[in-house]
Amino acid sequence: MQFVSRAQWGATPPRSDWRYVDGTRGVKIHYEGTAVPSDLPADHSRCAGRVRAIQAAHLADRNEGWIDIAYTAVVCPHGHVFEGRGAHHQTGANGGASLNRDHYAVCAMVGDSGLTEPTEAMLHGLRDAVEWLQRDGGAGPEIKGHRDGYATSCPGGPLYAWVQSGAPRPGGAPAVQPPAPQQPTGPDWPGVYLRATTHHEAARIWQQRMRDRGWPIDVDGWFGPASAEVARRFQEDCTTHGWPLSADGIVGPATWKASWERPVS
Ligand SMILES: [Zn+2]
Ligand SMILES: [Zn+2]
């Protein structure tokens, strides 16, 4: 998966904490629904700016009152998966509270004019996003369209036909996975166990790392009960995904290492 983190595309922080979700029944597919330039597939350098524009538009939408970009992720014509609210955070895009609890929301950069047909790379990216949310976000097997259960044309005819056919990868074969990007190894463990309550520069470094990973956490160098709870949930999430850690809410060497080395995607 070609994953673009919030930090990499220049996301604005959410206005308030995301609502945590353990998991969902699956993922709903969306499209932008407005005009998307038909020459966008020729120029990936414009994609991050489009994601920033979507976030800005959502933050400016007073009717919706969104705290952030509404989507869990956005997929560009080149198949890159731009992190939106991310895994374990409730989406705002599906049309209502229960709809938002039930499914994540992944938006493809196609519209109702201009670029209306998904590219092959985009379909791979959508599958990548779904599989990422199944692996790291507790998403169930359902893949649906925004219009399933809500009155909207979204995600448009071509994408909805793909959803209804079971959202297959193009060509019917698994995509060749590009080599995983080299994960930064991160700073050495500072030699101090972060537990509630510790006030230490290392706490600030770890908090910043967790915030970059998408966890709602204050970066203040004060490892209090809220930080311990984030640590505990992170440890559980690691264990669920094959990186076993004891869920004690204490950041020792193993949790510190996982905070940098366990892939975010
Ligand atoms: Zn939609
Ligand atoms: Zn792109």
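Nearest 500 deg cm²/dmol is fine: what mean residue ellipticity at 222 nm does the chain get from its DSSP H runs of n ≥ 4 alone, each adding -39,500 (n - 2.57), divided by its residue count? Walk me through the numbers before you get to the answer.
On the way: 8 runs with 85 residues, N = 265.
When only DSSP H runs of four or more count, the value is -9500 deg cm²/dmol.
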Given an 8 Å cut-off on Cα distances and at least 6 residues of separation, report the relative contact order of the chain as a percent. 20 percent
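With +1 on the Cβ of every Lys and Arg and -1 on the Cβ of every Asp and Glu, and nothing else charged, how large is the dipole of the chain about its Cα centre, in debye rounded to the nearest 20? Mind showing how you got there, number by number?
On the way: 25 positive and 28 negative charges, 38 e Å.
Approximately 180 debye in magnitude.
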Unpartnered cysteines - no second Cys beta carbon under 4.7 Å - across the chain: C107, C154, C238
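Values quoted throughout were computed directly from the atomic coordinates according to the rules given, and no laboratory measurement underlies them. Computed from a predicted structure; not experimentally measured. Backbone-built Cβ (ideal geometry, glycine too); neighbour counts: all protein chains shown.
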